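Reading through the structure tokens given below for one structure.
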Amino acid sequence: METVTQHSKAAIWYDPRKRSIIYQVVILLLVGLLGYYLVSNTTANLKRQSIATGFGFLQKEASFEIGESLISYSAADRYARALVVGFLNTLLVSFIGIILTVILGVFMGIARLSTNWLVSRLAAIYIEVFQDIPILLQLFFWYAFFYEMLPSPRQAMNPLGGVFLCNRGLVFAVPEFHPAHLYMGLAFLAGCLGVYFLRRWARKRQARTGLTFPVFSVSAAMLVLLPLLAWVAGGMPTAMSVPELKGFNFQGGLNVSPEFSALLLGLVLYTAAFVAEAVRAGIQSVSKGQREAAMSIGLRPNRVLQLVILPQALRVIIPPLTSQMLNLTKNSSLAVAIGYPDFVSVAGTTINQTGQAIEGVAMIMLVYLFFSLSTSAIMNWYNKKIALVER
Amino acid sequence: MNFKKLCVLVLALALVIPAGFVAAGTLDDVKAKGYISVGVNESLFGFSKPDEKGEWRGLDVDTARAISVAVFGVPDKLKFVPLTAKTRFTALQSGEIDVLTRNCTQTLTRETALGLNFAHVNYYDGQGFLIPKKLGVKSAKELDGATVCVLPGTTTELNVADYFRSHGMKMKPVVIESTPELAKAFFAGRCDVLTSDASQLASTRSVAPNPGEYTILPEIISKEPLAPAVRHGDDQWYDIVNFTVLALIDAEELGITSQNVDQMLNSKDPRIQRFLGASPGNGEAIGLDEKWAYNIVKQIGNYGEVFERNVGPKTPLGIERGLNALWTNGGLMYSPPFK
């Protein structure tokens with residue numbers, strides 16, 4: 001008996017469970033202490049050098065202009081609004097960039113595996129070249145390309161009516177705002193919802209009766225016709241805001257700046273090369289037998305890709321794809337080098353004008369953390385959805 | 001990347017500096033390590049830029065050399081730390097550099113909220129506009145709707161926005177981090193106009209492919225007193241930096257140059273005797289060698305010589321003395337008596 005009690009009363013560091021708890025508590029304490037030391041030491045240092053702290057500066061007038069903005073902004077607005085402008089600019093370039101990257105990457109990945117010698121070689125050259133040149137150099141190249149190659153606004157190229165191309169960017173006519181446009185947007189959203197339910201219904205029907213339904217053409221018709229109906233019902237507004245050369249630059253229309261274009265082009269071409277490799281790896285991970293089996297039951301090649309290859313390949317593609325999406329978002333901070341007013345650029349000006357470097361850097365970190373975590377969250381949800389369900 | 005550097009400096013501010021760091025005098029620190037860390041502009045012709053041989057040259061660099069002479073008696077006990085407009089103050093706050101001579105404008109916010117002390121101004125500047133002659137613009141008031149190239153992290157972004165706002169005009173800024181990249185975009189026609197301190201515009205124009213095609217508009221839209229800066233909390237070090245700049249100015253006022261400084265040692269003028277340390281007192285008061293001002297003039301020259309050598313009419317920048325002339329010649333350069 002005595003030995004048993006001795007055993008159960010053994011010193012806690014011999015019990016692996018308790019020991020691991022102790023380790024965790026100790027590490028947590030150390031991290032907490034380090035954090036406390038950092039914060040208190042910083043505050044003490046700042047106070048001693050009488051450097052102002054806190055986020056009160058957000059309410060002050062920013063008094064600097066920003067080159068491009070999705071919301072209305074002027075120098076008379078507050079720092080908080082200036083930072084929101086920067087945030088939206090980063091969001092815009094990352095969002096469009098990710099969509100284009102996925103499309104181009106998938107296309108290039110499939111092209112890389114093409115049985116056509118020329119197509120697969122060209123895709124291979126693209127991937128090797130763009131993967132191996134540092135992104136910053138590519139950005140400088142594209143930016144210089146835009147401002148060196150394109151003419152000044154007074155000699156702007158005019159390839160189409162209402163479209164101008166010059167070193168101030170691509171300027172084109174857009175419809176003047178009208179309430180009907182809002183209804184068209186709503187109609188488009190309704191169309192998306194309709195497509196979702198149509199697909200569910202069609203799949204259930206196929207499972208029940210074996211009959212297929214032309215989902216693609218009906219969906220496309222829904223997405224086009226519903227907004228068109230809204231436009232007709234809204235009184236068919238046709239007023240256009242047409243760009244006109246006034247003074248130094250074009251007024252009216254929509255302007256896509258060289259900075260935005262260079263950044264988007266650089267990021268997409270660079271990241272898509274990595275995505276293409278991930279896609280190729282994913283497709284190659286599906287064994288040949290799968291394809292042969294699918295063909296042998298009489299499926300057409302695109303159905304083989306859609307029903308057999310892709311669902312299995314995606315499981316391999318998604319994790320590296322997620323990390324490439326994160327890379328694209330983070331690399332967008334290189335915008336400062338070519339003058340696109342992204343969050344880092346605006347926060348940099350804010351830091352310099354207010355001198356609040358610690359608050360500014362903390363905000364930059366928080367913003368990128370927010371972008372990265374939300375991208376990861378969405379992609380992890382998608383990854384779980386397509387994961388192999390073992391029965 | 002500069003952002004990385006900023007992060008490192010912020011971390012340094014948080015982590016490395018133990019509390020009570022400033023209590024030990026910067027002068028003792030500097031003497032112990034044997035050199036002065038000085039923050040300079042990475043590339044601004046006439047103010048601070050390495051020449052073909054890698055030797056730093058310029059008005060700000062000569063100011064730093066004068067500080068080295070004052071402390072060590074020789075001009076080369078310096079470690080140059082090139083800084084961008086964005087990282088310069090953090091570098092000074094975090095203690096990475098001992099003094100900042102980087103064409104910095106003295107402002108209230110920087111003196112107070114940023115915890116800096118500015119020494120005497122070593123260059124009176126003002127913000128202007130550089131524009132291609134072919135646009136036919138004669139005045140800054142005609143710039144409504146212009147695209148403007150601006151360096152970030154400077155007072156210029158704010159000044160230009162203020163100027164356009166107060167004249168009811170619109171502008172579109174293009175903000176690029178590095179000076180050479182910004183100049184390239186401007187010369188290629190990405191912007192209609194480049195704005196910066198007038199001295200910097202002269203410097204940028206001198207490196208243009210065709211300097212004759214560009215002109216500086218007559219309007220000067222701001223006051224930019226450029227001065228060396230040190231951290232709050234070390235008065236002795238501040239005095240040394242401040243009086244080094246003043247010694248350059250006072251030498252010119254007293255008519256002492258690097259050529260005649262040895263004859264001047266025998267001058268009967270008591271002001272000159274006190275200045276050069278022939279009659280001692282000033283050195284002890286400031287905590288330096290009695291010959292400190294003599295050494296500065298002997299090895300660096302007076303303010304006029306420094307100006308002519310780096311930015312004056314005979315250099316590619318071709319800047320007239322203007323506000324930077326001595327007060328006796330209608331400028332603003334004025335030194336308190338050295339006694």
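Here, each number is a calculation from the coordinates, and none is a lab measurement. These numbers come from a predicted model, not from an experiment. Please note: Cβ atoms are built from the backbone with ideal geometry, for glycine as well, and neighbour counts cover all protein chains shown.
Among all the lysines, which ones have a C-alpha under 19 Å from A:Lys204's C-alpha, if same-chain residues fewer than 8 places away are not counted?
Partners within reach: A:Lys385.
Out of the range A:153-208, which chymotrypsin sites (Phe, Trp or Tyr not before Pro) are coil in DSSP terms and have no more than 14 other C-beta atoms within 10 Å?
A:Phe177
Order B:140-146, A:268-274 from most to least packed using the mean count of other Cβ atoms within 10 Å.
Ranked from most to least packed, the peptides come out as A:268-274, B:140-146.
Please report the antiparallel percentage of the DSSP beta bridges confined to the range B:127-222, to the nearest 5. Before the final figure, lay out each step's value.
On the way: 7 of 14 bridges.
Once the DSSP bridges in the range B:127-222 are tallied, antiparallel ones form about 50 percent.
Test of understanding: express the Cα radius of gyration of the range A:180-297 as a ratio to 2.2 N^0.38 Å, with N the residue count.
With N residues counted in the range A:180-297, Rg over 2.2 N^0.38 Å equals 1.70.
Shielding by partners for A:351-360, please: the mean number of other protein chain Cβ atoms within 10 Å of each residue's Cβ. List each step's numbers first, then the result.
Working: counts 8, 14, 7, 3, 10, 2, 12, 5, 0, 2.
Neighbouring Cβ atoms belonging to other protein chains average 6 per residue here.
Hey, what's the per residue convex hull volume over the C-alpha atoms of the range A:279-336, in cubic angstrom?
Given the Cα convex hull of the range A:279-336, per-residue volume reads 74 Å³.
Rounded to the nearest 20 debye, what is the charge dipole size of the protein assembly as shown about its Cα centre when +1 sits on each Lys and Arg Cβ and -1 on each Asp and Glu Cβ?
Using only the charged Cβ atoms, the result is roughly 3640 debye.
Percentage of Cα-Cα pair distances in chain B greater than 30 Å, rounded to whole percent? Mind dumping the intermediate values first?
On the way: 21540 of 57291 pairs.
That fraction is 38 percent.
Using only Cα atoms, figure out Rg for the range B:219-339 and give it as a multiple of 2.2 N^0.38 Å.
For the range B:219-339, the normalised Cα radius of gyration is 1.12.
For chain A, just say rounded, prolate or oblate: build the C-alpha gyration tensor, square-root its eigenvalues into a ≥ b ≥ c, call rounded for a/c under 1.5, and beyond that prolate if a/b exceeds b/c, oblate if not. All intermediate terms of the calculation are to be shown ahead of the outcome.
Working: a/c = 1.82, a/b = 1.08, b/c = 1.68.
Because a/c hits 1.5 or more and a/b fails to exceed b/c, chain A counts as oblate.
Work out the mean other chain Cβ neighbour count within 10 Å for the residues of B:137-144 and drop it here as an integer.
Across the residues of B:137-144, the mean count of other-chain Cβ atoms within 10 Å is 1.
For the range A:238-370, which semi-axes, largest first and in whole Å, follow from the square roots of 5 times the eigenvalues of its Cα gyration tensor?
The answer is 44, 25, 11 Å, longest axis first.
Obtain the radius of gyration and the Kirkwood radius of the range B:127-222 from its C-alpha atoms and give Rg over Rh.
0.91
Using alpha carbon centroids, what distance separates the range B:228-302 and the range A:145-217, in Å?
A separation of 72 Å, based on Cα centres.
GluC sites (Glu not before Pro) within the range A:256-307: which are DSSP loop residues with at most 13 other Cβ atoms inside 10 Å?
Sparse-neighbourhood loop GluC sites (Glu not before Pro): none present.
Cα axis of helix B:59-72 to longest principal axis of chain B: angle in degrees, 0 to 90, nearest 10?
Helix B:59-72 sits roughly 20 degrees off the main axis of chain B.
Roughly how far apart, in whole Å, are the Cα centres of the range B:70-121 and the range A:316-352?
31 Å
Just to confirm my numbers, what's the Cα centroid distance between the range A:97-112 and the range A:244-294 in Å?
6 Å
Each residue of the range B:50-56 in order: what ³J(HN,Hα) in whole Hz does its phi give by Karplus 6.51 cos²θ - 1.76 cosθ + 1.60, θ = phi - 60°, with x for Gly and Pro?
Each residue of the range B:50-56 in turn: x, 7, 4, 8, x, 7, 6 Hz.
Sticking with the crude label model, points 7 Å out along Cα→Cβ, report the distance from A:His178 to A:Met157 in nm, one decimal please.
Those two pseudo-labels are separated by 3.2 nm.
Straight-line reach from A:Lys47: which aspartates and glutamates fall under 19 Å, measuring Cα to Cα and dropping same-chain residues less than 8 apart?
A:Glu359, B:Glu96, B:Glu111, B:Asp234, B:Asp235
Would you calculate a helix-derived [θ] at 222 nm for chain A, using -39,500 (n - 2.57) for each DSSP H run of n ≥ 4 and dividing by the full residue count, to the nearest 500? Before the final figure, lay out the partial values.
Values: 12 runs with 255 residues, N = 391.
Estimated from H runs of four or more residues: -22500 deg cm²/dmol.
Treating the Cα atoms of the protein assembly as shown as identical point scatterers in vacuum, please give the log10 of the normalised Debye intensity I(q)/I(0) at q = 0.07, 0.11 Å⁻¹, two decimals.
Each listed q maps to, in turn, -0.66, -1.24.
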